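The values are calculated or read from the model by the stated rules, or taken from the named source; none is laboratory data. Note that the coordinates shown come from a computational prediction; the quantities given were computed from them, not determined experimentally. Every residue, glycine as well, gets a Cβ built from its backbone with ideal geometry; the counts of neighbours run over all protein chains shown. Calculation scope for accessible area: heavy atoms of the full protein, side chains included, ligands and nucleic acids excluded. Shrake-Rupley method; radii C 1.70, N 1.55, O 1.52, S 1.80 Å.
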Amino acid sequence: MDLLQLGSYTFSSRLILGTGKFSNSTVMLDAVRASGAQLVTVALRRFNREQSEDDLFGPLLTLEGITLMPNTSGASTAAEAVRAAHIARELSGSPFIKVEIHPNPQHLMPDPIETFEASRILAKEGFLVMPYIAADPVLAKRLEEVGCASVMPLGSAIGSGQGLATSEMLNIIIRESGIPVIVDAGLRSPSEAAHAMEMGCAAVLVNSAVAAAGNPPAMAEAFAEAVVAGRKAIRAGLMEKSGSAVATSPLTFLGTL
Amino acid sequence: MITIELNGQQQTLPADSTVSDLLSIVGSDGKSLAVVVNEQIIRPEKRSAHKLQEGDRVELLMFAGGG
């Protein structure tokens, strides 16, 4: 069976779903179910008694077969991310942590230095570290060397829907990487998810494309099917490209009549 | 009475209040919350015994939607 392996964990689904920006938790839960995702991201937030309905822990517990991957969003330094990871593990009981350190809210680009440092510390502590990074092949290799479970380079800016703008660098990362490469951020359409899988990504992480869709559960299902299609395609072996036409039918028969 | 900092806001509590008392005051059973007092995580089994002190910085954190 073709399973996604992250540390000692295996998953039959290669679609990871984020839980942000949904209109309410019922829609979010429907989308998670429709996506078939087994790994789901959540964020840490201060408890607010006036907004206790935002607490996702109870609703997510109603889903079977889900592993939580908390993120460290809100951290702007490695120390803050490490602290957030410890708190998140306490709550989730999950060894997964998405290291996400983006100090500038204008572009949300990940800080490579703080991300590397936090990832190094957390991998040493036994976390399954999934760092969100720019599509930087050198950084990706360094994160592999310090024991990350995967690398998660961005396709384009978070929530931008600009798709696989970094595909040239993603190709290098995929070619060089000895750990799963998961495209995280920027996807808008299922065809982009299929393309990422055809490029050789081990999985894709999607949030805004589903949460901001007209019908989030239907879009979640569409992404799930696209990820499966892309994965099947690369395993089947894509044909070689040619610079010129290569006939699929005989060209000589009619001329001999 | 003592005053603590709860999620960045001042909060007054009866003296000798525990973390469990604080959770009752804010209306949570605490099952879905992480409690951090002065940057130290207070596990659920320790909450009823952990007394809060004047000036403690308390964070109550939960999981919310995020990508």
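Some notes on this structure:
- Residue check for residue B:15: modelled with pLDDT of 95 or more, away from chain A (no Cβ under 11 Å) and not in a strand (DSSP E or B): no
- In the stretch B:47-67, residue most open to solvent (accessible area, probe 1.4 Å) [restricted to those that are more than 19 Å from residue A:92 (Cβ to Cβ) and within 14 Å of another protein chain (Cβ to nearest Cβ)]: B:57
- Those strands (runs of 3 or more DSSP E) of the stretch A:1-58 in which at least 3 residues are of a type outside the set (S, T, N, Q), considering only elements entirely within it, cover A:15-18, A:39-46.
- Residues in the stretch A:88-104 that are surrounded by fewer than 24 Cβ atoms within 10 Å (Cβ to Cβ) and either at the interface with chain B (Cβ under 9 Å from one of its Cβ atoms) or in a helix (DSSP H, G or I) (or both): A:89, A:90, A:91, A:92.
- Residues of the stretch A:105-125 satisfying the condition of being part of a loop (DSSP other than H, G, I, E, B) and under 25 Å from residue A:9 (Cβ atoms): A:110, A:125
- Index of the failed condition, residue A:85 passing every other in (1) touching a residue at least 12 places away in the same chain (Cβ under 8 Å); (2) open to solvent by 10 Å² or more (accessible area, probe 1.4 Å); (3) more than 25 Å from residue A:26 (Cα to Cα); (4) within 12 Å of chain B (Cβ to nearest Cβ): (2)
- Remark: residue B:40 falls outside the filter, which requires a residue to be more than 20 Å from residue A:84 (Cα to Cα), open to solvent by 20 Å² or more (accessible area, probe 1.4 Å) and more than 9 Å from chain A (Cβ to nearest Cβ).
- Residue among A:164, A:154, A:187 that is closer than 22 Å to residue A:116 by Cβ, crowded, with 17+ Cβ neighbours inside 10 Å and not β-branched (Val, Ile, Thr): A:154
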